[in-house]
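Everything below concerns the one structure shown next.
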Amino acid sequence: MERIADLLAAGPTRSFEFFPPADAAATQQLDETLDVLAGLWPSFVSVTCGAGGDGHDRTRDIVTGIGRDRPFPAMAHLTCVGHTREGIAALLDDYAAADVVNILALAGDPPDGSAVSGDFRYAAELVEVVRDHPADFSVGVAAHPEVHPRSADRASDRKHLAAKLHMADFAITQFFFDLSDYTQLCDDLADLGCHRPVIPGVMPVIWPKSIRRFADMNNSTVPEALFARLEALPAPDRIAAAAEAAAELSQSLLEAGAPGIHLYTLNRPEASTQIAELLHM
């Protein structure tokens, strides 16, 4: 399976993110979405796991299934929260045995704001464990253009991210809506001597109410005019308008030197296919 570090070295990437389905109907929806988006020949896809570290087994099963059945690599999200070193080592063994070579190492969110449990507190600790595994994983980490919600300030956030990125191969950002947030992040990292690729994550606002809730959780700034316009539209028109706005941001990011675009699909194909068409991906 191809390593994301190598794909980035070859040129701009296009990638999609999915979450593990909760039931049979959602599983069928994800399969149909994968069928449609496979036609866009993504560089790679990624699969999340739930809050509190829930769902690593489901993530593993989906990622290994994609690696077996699809013509593109899948990256597994791996979180600190609620996990022991032995449990993480076992998951890494499973991934290595299935020829899954791409891991996104995350701190993760405690369920319902409860105290952090498990053997890890910071994603950097998880990166160290992945690096120590005999398999040669390509390791990514998360970046927050508008600063991690648990960071004390921008300066400490950037220093922590730079230190984490020096251990990893690349970063993927949380979603954001202002180009300057991304370019400022890259400038801040460069000032700290960190030049690892940072792939921007782009969220088409197909469900404004849900995405507003996600933004509140991540301290992401919502463009009120865009959200108000999309909330007033019927579903088909809203998806088309959301795709157009996301494509405009994506084009600006690529022109600013972004090493690729990572689209948050919410397990639906419509917006992503329209974005790809607008970008000629």
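The values are calculated or read from the model by the stated rules, or taken from the named source; none is laboratory data. For clarity, every value in this text was computed on a predicted model and none was experimentally measured. Cβ placement follows ideal geometry from the backbone for every residue including glycine, while neighbour counts extend to all protein chains displayed. Calculation scope for accessible area: heavy atoms of the full protein, side chains included, ligands and nucleic acids excluded. Shrake-Rupley method; radii C 1.70, N 1.55, O 1.52, S 1.80 Å.
Miscellaneous remarks
- Within the range 74-100, being out of contact with any strand residue (DSSP E or B) (no Cβ under 9 Å at 6 or more places or on another chain), within 16 Å of residue 63 (Cβ to Cβ) and aliphatic (A, V, I, L, M) holds for 90, 96, 97, 98.
- Checklist (1) surrounded by fewer than 22 Cβ atoms within 10 Å (Cβ to Cβ); (2) at pLDDT below 90; (3) within 26 Å of residue 187 (Cα to Cα) applied to residue 116, failing item: (3)
- The set of residues in the range 1-50 that are among the charged types (D, E, K, R) and crowded, with 16+ Cβ neighbours inside 10 Å comprises 3, 14, 17.
- Residue list for the range 247-259, restricted to those being buried (at least 18 other Cβ atoms within 10 Å of the Cβ) and either of a type in the set (Gly, Ala, Ser) or part of a loop (DSSP other than H, G, I, E, B) (or both): 247, 250, 258, 259
- Set 128, 86: member being acidic (Asp, Glu), open to solvent by 10 Å² or more (accessible area, probe 1.4 Å) and modelled with pLDDT of 90 or more: 128
- The range 12-38 - residue that is modelled with pLDDT under 95 and either aromatic (Phe, Trp, Tyr) or assigned to a loop (DSSP other than H, G, I, E, B) (or both) and, of those, farthest from the chain's Cα centre (by Cα): 23
- Only one entry in 155, 162, 143 is more than 20 Å from residue 245 (Cβ to Cβ) and touching a Cys at 6+ places or on another chain (Cβ under 6 Å), namely 162.
- The residue list 229, 238, 268 contains one member that is within 19 Å of the chain's Cα centre (by Cα), open to solvent by 10 Å² or more (accessible area, probe 1.4 Å) and charged (D, E, K, R), which is 268.
- When residue 136 is tested against (1) farther than 20 Å from residue 260 by Cα; (2) modelled with pLDDT of 95 or more, just one condition goes unmet, and that condition is (2).
- Whichever residue in the range 265-281 is of a type in the set (A, V, I, L, M) and assigned to a helix (DSSP H, G or I) and, among such residues, is nearest to residue 214 (Cα to Cα): 271
- Considering the conditions (1) at pLDDT 95 or above; (2) in contact with a helix residue (DSSP H, G or I) (Cβ under 8 Å, 6 or more places away or on another chain); (3) not in a helix (DSSP H, G or I), residue 262 is excluded by exactly one of them, (2).
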